[in-house]
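A.B. asks: Supplied in structure tokens, the structure appears directly below.
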Amino acid sequence: QVQLVESGGGLVQAGGSLRLSCAASRSILSLGIMGWYRQAPGKQRDMVATIGTGGSTNYADSVKGRFTISRDSAKNTVYLQMNSLTPEDTAVYYCNNRRYGDVWGRGTQVTVSS
């Protein structure tokens, strides 16, 4: 099993930056693909970015060029660097892994003011 804990959310003005962290309870190199998702009020949960064991990354079109997913295997942590934030990025951001079933963290709120 694995537990995921997100942190780093907050309130930021449009154009600002935040870095989210997802700490895993075991080695992220054993977990396969790690992903960040987000869910805005009244909307479905959508993929934001993923990173594979080999380091390959994938991004939603809406965040390409602004967000960067990365990892620190020594800390068992996956990051999401978010730059040039807009109010449309406002959502709860969740970390996900499916190595031991569909596991989600509790999420971290990101609010971008205009």
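A.B. asks: Quick check, is R99 open to solvent by 40 Å² or more (accessible area, probe 1.4 Å), basic (K, R) and out of contact with any strand residue (DSSP E or B) (no Cβ under 8 Å at 6 or more places or on another chain)?
C.D. replies: yes
Every residue, every condition in (1) surrounded by fewer than 17 Cβ atoms within 10 Å (Cβ to Cβ); (2) within 11 Å of the chain's Cα centre (by Cα), yes or no:
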{"position": "G35", "(1), (2)": "no, yes"}
{"position": "Q44", "(1), (2)": "yes, no"}
{"position": "G55", "(1), (2)": "yes, no"}
{"position": "D61", "(1), (2)": "yes, no"}
{"position": "K64", "(1), (2)": "yes, no"}
{"position": "I69", "(1), (2)": "no, yes"}
{"position": "N76", "(1), (2)": "no, no"}
{"position": "Q81", "(1), (2)": "yes, yes"}
{"position": "T86", "(1), (2)": "yes, no"}
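A.B. asks: Still on this structure: Residue by residue through the range 26-50, note down the ones that are farther than 13 Å from V103 by Cα and in a strand (DSSP E or B).
C.D. replies: R38, Q39, D46, M47, V48, A49, T50
A.B. asks: Looking only at the range 6-33, which residues are within 30 Å of S114 (Cβ to Cβ), open to solvent by 40 Å² or more (accessible area, probe 1.4 Å) and not hydroxyl-bearing (S, T, Y)?
C.D. replies: Within the range 6-33, L11, Q13, A14, G15, R19 meet the criteria.
The values are calculated or read from the model by the stated rules, or taken from the named source; none is laboratory data. Source: prediction; values computed, not measured. Note: ideal-geometry Cβ built from the backbone for every residue, glycine included; neighbour counts use all protein chains shown. Just the protein is used for accessible areas: all its heavy atoms, side chains included, with ligands, DNA and RNA removed. Shrake-Rupley method; radii C 1.70, N 1.55, O 1.52, S 1.80 Å.
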